[in-house]
Amino acid sequence: MDTERIVIKDVQNPKDSELIKAAQILREGGLVAFPTETVYGLGGNALDEQAAKKIYRAKGRPSDNPLIAHISCMEELEPLVREIPKAGRILAERYWPGPLTMIFPKSSLVPYGTTGGLDTVAVRMPKDRVANRLIRLAGVPVAAPSANTSGRPSPTTADHVWQDLEGKIEMVVDGGPVGIGLESTIVDVSSPVPVILRPGAITQEMLGQVLGQISLDPAISGPGQEGLRPRAPGMKYKHYAPRAEMTLVEVKEETMEQLYRPGSFLHGQVSRMMTESGRNWKMKIEIFYMAWKVNEAAAQMEKTGARVGVICTEETMDEYTAGIKRSIGRRDSEVSVAHNLYGVLREFDDLGVDFIYAESFSETHLGNAIMNRLNKAAGYRILWV
Ligand code: AMP
Ligand code: MG
């Protein structure tokens, strides 16, 4: 199949004439990849079981992994759901349109082919102007998982989509790089206390402020354990993965305590950083030590002839002396780290590295989503130093 690519001139004000053909393809059961504020989505008519099948085939995705139905306004929600629980109304009011997906009991209109056989349906209303207008013009809810081959890092540019899906879908709508760069937060609002099934840019802290009570699906924080099935079926797959074997590097609490002790082997550095870095000295020491350990491990790997990638940050870049280093953003801006995460993983794929070492980040706020994706990319492989 020839895949057409349409470039949107002004993504803040897309013209209907630019989107009309894409909308028609969706309505007629074809597939169109398009930008959203989270990552690029691979869209098909959510009410058409055949379209859902095509999505699974194009992505190479297991068909028990349900799709998110995307809508453009509140009126489009009602036909898809059996009820809208109170928490769902509150969150829709506060965070829609935006990077938040909610799980509702599904109506009979939504085929099981879209929900992976579940009696619930995941719905999101994207804010991105191109996405929102395209859905409106299509006139049908649009099922849109990330527009990547299953198992590869999610696409944050139209070129990423092209790499994975050219020749497999009817059209790619190119709206430039996306804003956030991580998939939406998923919240199940159908249970008495709403549960976060996947962390994202709408953080646990933000949800807690609006709802009071919110819990986290325990399956989010670790590798699949027996008896602990993620409530978002997709979270069980080794998702978001680069081709290389990736390891996250974390500094142990006790290491830090040792480092602060007078007379420790890094004590000279500690004293220097305490005077130079003021309040941030603890973080500086931690990062300095992490880089030192990564250099050791990377140099060792390189000796065996392996190609090694290092995921670092603007602040730490200069500390690395081994491996191919790429900055993922600024430590003082989680937004920048989220934005670059998948692009850096793909770049290392293109460079053909065998191993990747990645710095770790704090797990609060957006850091929770960042660490969730890094952990999944690393298959929860952690080097504790
Ligand atoms: P993606 O669209 O690729 O970002 O993935 C969609 C995510 O939403 C997957 O992790 C799915 O398992 C999850 N999801 C979709 N529908 C449901 C549902 N009805 N209940 C729970 N999780 C869902
Ligand atoms: Mg995905």
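Any residue in segment 181-191 that is within 15 Å of ligand 2 (Cβ to nearest atom), under 17 Å from the mean Cα position of the chain (by Cα) and among the acidic types (Asp, Glu)?
yes
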Next item on the list: Grab the strands (runs of 3 or more DSSP E) fully contained in segment 320-385, keeping just those with 3 or more residues being crowded, with 17+ Cβ neighbours inside 10 Å and over 17 Å from the mean Cα position of the chain (by Cα).
Entry: 324-327, 355-359
Notebook entry, point to check: Of everything in segment 168-191 that's in contact (Cβ under 8 Å) with a residue 12 or more places away in the chain, within 14 Å of ligand 1 (Cβ to nearest atom) and over 17 Å from GLU93 (Cα atoms), which residue is surrounded by the fewest Cβ atoms within 10 Å (Cβ to Cβ)?
Noted result: ILE180
Next item on the list: State which residue is surrounded by the fewest Cβ atoms within 10 Å (Cβ to Cβ) when the search covers only segment 192-226 and only residues that are away from ligand 2 (no atom under 16 Å from the Cβ) and under 21 Å from GLY117 (Cβ atoms).
Entry: GLY224
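List the strands (runs of 3 or more DSSP E) inside segment 3-94, counting only whole elements, that have at least 3 residues being within 15 Å of ligand 2 (Cβ to nearest atom), out of contact with any Leu (no Cβ under 8 Å at 6 or more places or on another chain) and of a type outside the set (Val, Ile, Thr).
Counting at least 3 such residues, we get no strands (runs of 3 or more DSSP E) at all.
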Check: Out of all the residues in segment 123-152, which are more than 15 Å from ligand 2 (Cβ to nearest atom), over 12 Å from GLY43 (Cβ atoms), touching an Asp or Glu at 6+ places or on another chain (Cβ under 9 Å) and assigned to a loop (DSSP other than H, G, I, E, B)?
Finding: MET125, LYS127, ASP128
Next item on the list: Among what's in segment 228-240 and is in contact with a Leu (Cβ under 8 Å, 6 or more places away or on another chain), part of a loop (DSSP other than H, G, I, E, B) and at pLDDT below 75, pick the residue that is surrounded by the fewest Cβ atoms within 10 Å (Cβ to Cβ).
Entry: PRO230
Check: What are the residue pairs meeting all of these: first residue in segment 1-14, first residue touching a residue at least 12 places away in the same chain (Cβ under 8 Å) and surrounded by 11 or more Cβ atoms within 10 Å (Cβ to Cβ), second residue in a loop (DSSP other than H, G, I, E, B) and of a type in the set (S, T, N, Q), Cβ atoms under 6 Å, and 6 or more apart or on different chains?
Finding: none
Checklist line | Pairs with Cβ under 7 Å, 6+ apart, first in segment 146-167 and on the phi > 0 side of the Ramachandran plot, second away from ligand 1 (no atom under 13 Å from the Cβ) and not charged (D, E, K, R) | finding: GLY151/ALA241; GLY167/MET1; GLY167/THR3
Next item on the list: State whether one or more residues within segment 158-166 are assigned to a loop (DSSP other than H, G, I, E, B), within 12 Å of ligand 2 (Cβ to nearest atom), buried (at least 21 other Cβ atoms within 10 Å of the Cβ) and of a type outside the set (Val, Ile, Thr).
Entry: no
Check: Which numbered condition trips up TRP96, out of (1) without any contact (Cβ under 8 Å) to a residue 60 or more places away in the chain; (2) hydrophobic (A, V, I, L, M, F, W, C); (3) in contact with a strand residue (DSSP E or B) (Cβ under 7 Å, 6 or more places away or on another chain)?
Finding: (3)
Margin query: For segment 141-154, give me each residue that is crowded, with 20+ Cβ neighbours inside 10 Å and touching a helix residue (DSSP H, G or I) at 6+ places or on another chain (Cβ under 7 Å).
Written below: PRO141, VAL142, ALA143, PRO145, ALA147, ASN148, ARG152, PRO153, SER154
Notebook entry, point to check: Can you tell me which residue in segment 286-319 is nearest to the chain's Cα centre (by Cα), limited to those that are of a type outside the set (Ser, Thr, Tyr) and in a loop (DSSP other than H, G, I, E, B)?
Noted result: GLU314
Checklist line | Filter result for the condition that a residue is touching an Asp or Glu at 6+ places or on another chain (Cβ under 7 Å), at negative phi and away from ligand 1 (no atom under 14 Å from the Cβ), over VAL39, VAL32, VAL11 | finding: VAL32
Check: Looking at THR101, THR114, THR120, which one is in contact with a Phe, Trp or Tyr (Cβ under 8 Å, 6 or more places away or on another chain), within 16 Å of ligand 1 (Cβ to nearest atom) and touching a residue at least 40 places away in the same chain (Cβ under 8 Å)?
Finding: THR120
Margin query: Condition first: farther than 23 Å from ILE202 by Cα and of a type in the set (Gly, Ala, Ser). Can you find one or more residues in segment 120-138 that meet it?
Written below: yes
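The values are calculated or read from the model by the stated rules, or taken from the named source; none is laboratory data. Since this is a predicted model, take the numbers as computed values, not measurements. FYI the Cβ positions are ideal-geometry reconstructions off the backbone, even for glycines, and counts take in every protein chain you see.
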